[in-house]
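Read the structure below first, then the notes.
Quick note: the coordinates plus some simple rules give every number you see, no bench work behind them. Model, not experiment: these values are computed from the prediction. Note that each Cβ is placed from the backbone with ideal geometry, even for glycine, and that neighbours are counted across all protein chains shown.
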Amino acid sequence: MDLFDLRAPLASGVRPRPALQASPSHWLSPQSPPILQIQGDADRIVPPGGARRFHQRMRAEGVHGHLLLIEGGSHLLVGKKLQAAKDAELDFLKAALQGEDPLD
């Protein structure tokens with residue numbers, strides 16, 4: 001089965017609802033690459049609770065990754081908050097490319 005073909009049925013032959021198919025949570029598996037999530041904890045456009053739930057689902061599915069909630073960060077990170085996000089990206093990529101476990 002092609003994991004990127006959203007029209008493909010699951011192994012059971014059941015086709016998930018389109019919204020479920022579009023959800024990144026639907027495609028998590030132990031074979032997923034490491035995932036870094038960065039979000040402001042004061043984001044009012046995309047509530048951070050969704051990132052927390054996705055991170056919990058990642059862990060439950062055996063996916064390596066890290067969730068960084070930037071304290072006081074809104075939807076758009078600027079200044080020191082943006083720099084913190086960039087630093088986290090570089091640290092995460094270095095760890096992943098060196099074969100280290102980027103789990104938090």
Query - the stretch 32-97 - convex hull of the alpha-carbon atoms, volume per residue in Å³ - result: 73 Å³
Report summary line: Each label sits 7 Å from Cα toward the beta-carbon; between Val46 and Gln98 the label points are separated, in nm, by 2.8 nm
Report task. Between Gln56 and Glu89, with labels modelled 7 Å along Cα→Cβ, what's the label distance in nm to one decimal, could you check? Result -> 2.9 nm
**Report entry** Candidate lysines - alpha carbon under 17 Å from Lys94, same-chain residues fewer than 8 apart omitted
**Finding:** Lys86
